[in-house]
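Working notes, beginning with the structure itself.
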Amino acid sequence: MTAEFVELIADHRAHLELRLASVAAQLDAIRDARSGANDDDEHDPEGATLSTEWSRAEGQRTDAVRTLGELDAALSRLAAGTYGTCASCGDAIPLERLRLLPAATLCVPCASRV
Ligand SMILES: [Zn+2]
(Lines give C-alpha, C1' and ligand atoms only; values in the text may rest on other atoms or scores of the structure.)
Protein backbone atom coordinates (compact mmCIF):
# COMPACT_ATOMS: atom_id res chain seq x y z
CA MET A 1 0.00 0.00 0.00
CA THR A 2 2.78 2.44 0.89
CA ALA A 3 4.43 2.36 -2.53
CA GLU A 4 1.11 2.95 -4.29
CA PHE A 5 0.40 6.03 -2.22
CA VAL A 6 3.92 7.42 -2.37
CA GLU A 7 3.53 7.35 -6.13
CA LEU A 8 0.00 8.74 -6.05
CA ILE A 9 1.05 11.61 -3.79
CA ALA A 10 4.07 12.31 -6.00
CA ASP A 11 1.66 12.54 -8.97
CA HIS A 12 -0.62 14.96 -7.15
CA ARG A 13 2.39 17.00 -6.09
CA ALA A 14 3.65 17.20 -9.68
CA HIS A 15 0.23 18.47 -10.82
CA LEU A 16 0.16 21.06 -8.07
CA GLU A 17 3.69 22.25 -8.87
CA LEU A 18 2.57 22.80 -12.48
CA ARG A 19 -0.53 24.65 -11.31
CA LEU A 20 1.54 26.79 -8.98
CA ALA A 21 3.91 27.68 -11.81
CA SER A 22 1.00 28.67 -14.05
CA VAL A 23 -0.68 30.69 -11.30
CA ALA A 24 2.65 32.43 -10.55
CA ALA A 25 2.88 33.34 -14.25
CA GLN A 26 -0.68 34.72 -14.13
CA LEU A 27 0.14 36.77 -11.05
CA ASP A 28 3.22 38.15 -12.78
CA ALA A 29 1.18 39.05 -15.86
CA ILE A 30 -1.49 40.76 -13.75
CA ARG A 31 1.19 42.65 -11.82
CA ASP A 32 2.67 43.84 -15.11
CA ALA A 33 -0.75 44.88 -16.44
CA ARG A 34 -1.50 46.68 -13.21
CA SER A 35 1.71 48.63 -13.16
CA GLY A 36 0.72 50.02 -16.56
CA ALA A 37 -2.83 50.77 -15.47
CA ASN A 38 -4.33 53.40 -13.25
CA ASP A 39 -4.01 52.39 -9.59
CA ASP A 40 -7.42 53.80 -8.77
CA ASP A 41 -9.36 50.51 -8.80
CA GLU A 42 -12.70 51.98 -7.83
CA HIS A 43 -12.93 54.36 -10.75
CA ASP A 44 -11.00 52.40 -13.32
CA PRO A 45 -12.96 49.45 -14.75
CA GLU A 46 -9.81 47.79 -16.00
CA GLY A 47 -8.16 48.13 -12.62
CA ALA A 48 -11.18 46.54 -10.94
CA THR A 49 -11.04 43.58 -13.34
CA LEU A 50 -7.36 43.14 -12.62
CA SER A 51 -8.09 43.19 -8.90
CA THR A 52 -10.69 40.45 -9.35
CA GLU A 53 -8.30 38.36 -11.42
CA TRP A 54 -5.58 38.94 -8.87
CA SER A 55 -7.80 37.74 -6.02
CA ARG A 56 -8.83 34.69 -8.00
CA ALA A 57 -5.24 33.75 -8.91
CA GLU A 58 -4.04 34.49 -5.39
CA GLY A 59 -6.81 32.24 -4.04
CA GLN A 60 -5.72 29.43 -6.35
CA ARG A 61 -2.13 29.88 -5.27
CA THR A 62 -3.12 29.71 -1.60
CA ASP A 63 -5.16 26.55 -2.25
CA ALA A 64 -2.30 24.89 -4.11
CA VAL A 65 0.23 25.76 -1.38
CA ARG A 66 -2.13 24.45 1.30
CA THR A 67 -2.76 21.21 -0.60
CA LEU A 68 0.99 20.75 -1.09
CA GLY A 69 1.39 21.05 2.67
CA GLU A 70 -1.37 18.47 3.19
CA LEU A 71 0.33 16.09 0.76
CA ASP A 72 3.65 16.56 2.59
CA ALA A 73 1.88 15.74 5.85
CA ALA A 74 0.42 12.63 4.18
CA LEU A 75 3.95 11.58 3.15
CA SER A 76 5.10 12.01 6.75
CA ARG A 77 2.22 9.81 7.90
CA LEU A 78 3.20 7.20 5.31
CA ALA A 79 6.75 7.27 6.66
CA ALA A 80 5.49 7.05 10.23
CA GLY A 81 3.11 4.20 9.43
CA THR A 82 0.02 6.15 10.49
CA TYR A 83 -1.23 6.86 6.98
CA GLY A 84 -4.84 5.93 6.28
CA THR A 85 -5.95 6.12 9.90
CA CYS A 86 -8.78 8.53 10.65
CA ALA A 87 -7.46 11.40 12.77
CA SER A 88 -10.79 11.65 14.56
CA CYS A 89 -12.07 8.13 15.32
CA GLY A 90 -8.95 6.04 14.57
CA ASP A 91 -10.72 3.81 12.06
CA ALA A 92 -9.06 2.88 8.78
CA ILE A 93 -9.88 5.28 5.95
CA PRO A 94 -11.14 3.22 2.97
CA LEU A 95 -8.56 2.83 0.18
CA GLU A 96 -11.10 4.11 -2.35
CA ARG A 97 -11.28 7.39 -0.47
CA LEU A 98 -7.51 7.66 -0.17
CA ARG A 99 -7.12 7.04 -3.90
CA LEU A 100 -9.43 9.98 -4.59
CA LEU A 101 -8.11 12.17 -1.78
CA PRO A 102 -4.60 10.99 -0.87
CA ALA A 103 -4.26 13.77 1.71
CA ALA A 104 -7.49 12.79 3.51
CA THR A 105 -7.08 12.64 7.30
CA LEU A 106 -10.69 11.67 8.13
CA CYS A 107 -12.91 8.71 7.28
CA VAL A 108 -16.14 9.45 5.43
CA PRO A 109 -18.46 9.53 8.51
CA CYS A 110 -16.07 11.86 10.39
CA ALA A 111 -15.51 14.08 7.34
CA SER A 112 -19.27 14.44 6.86
CA ARG A 113 -19.66 15.54 10.49
CA VAL A 114 -17.20 18.41 10.05
ZN1 LIG B 1 -13.34 8.65 11.51
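Tabulated data for the structure shown
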item	result
Phi to ³J(HN,Hα) by Karplus 6.51 cos²θ - 1.76 cosθ + 1.60 over segment 106-114, Hz, x for Gly, Pro	10, 6, 4, x, 5, 4, 7, 7, 6
Carbon + sulfur, % of accessible area of the chain - ligands and nucleic acids excluded, 1.4 Å	55
Percentage relative contact order, the chain, counting C-alpha pairs under 8 Å, at least six apart	25
Built amide H within the under 5 Å cut-off of THR85, gap 5+	ILE93
Computed label-point distance, nm, for sites THR52 and GLU7 using a 7 Å Cα→Cβ extension	4.4
Per residue, in Å², the accessible surface of segment 2-83 once ligands and nucleic acids are set aside, probe 1.4 Å	63
Segment 51-65 - phi-based ³J(HN,Hα) in whole Hz, Karplus 6.51/-1.76/1.60, Gly and Pro as x	4, 4, 5, 4, 4, 5, 5, 5, x, 5, 5, 4, 4, 5, 5
Cα-Cα P(r), the chain, percent of pairs per 10 Å interval	13, 33, 22, 16, 13, 3
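The values are calculated or read from the model by the stated rules, or taken from the named source; none is laboratory data. The shown structure was predicted, so the numbers you read here are calculated from the model rather than taken from an experiment. Please note: Cβ atoms are built from the backbone with ideal geometry, for glycine as well, and neighbour counts cover all protein chains shown. Accessible surface areas use protein heavy atoms only, side chains included; no ligands, DNA or RNA. Shrake-Rupley method; radii C 1.70, N 1.55, O 1.52, S 1.80 Å.
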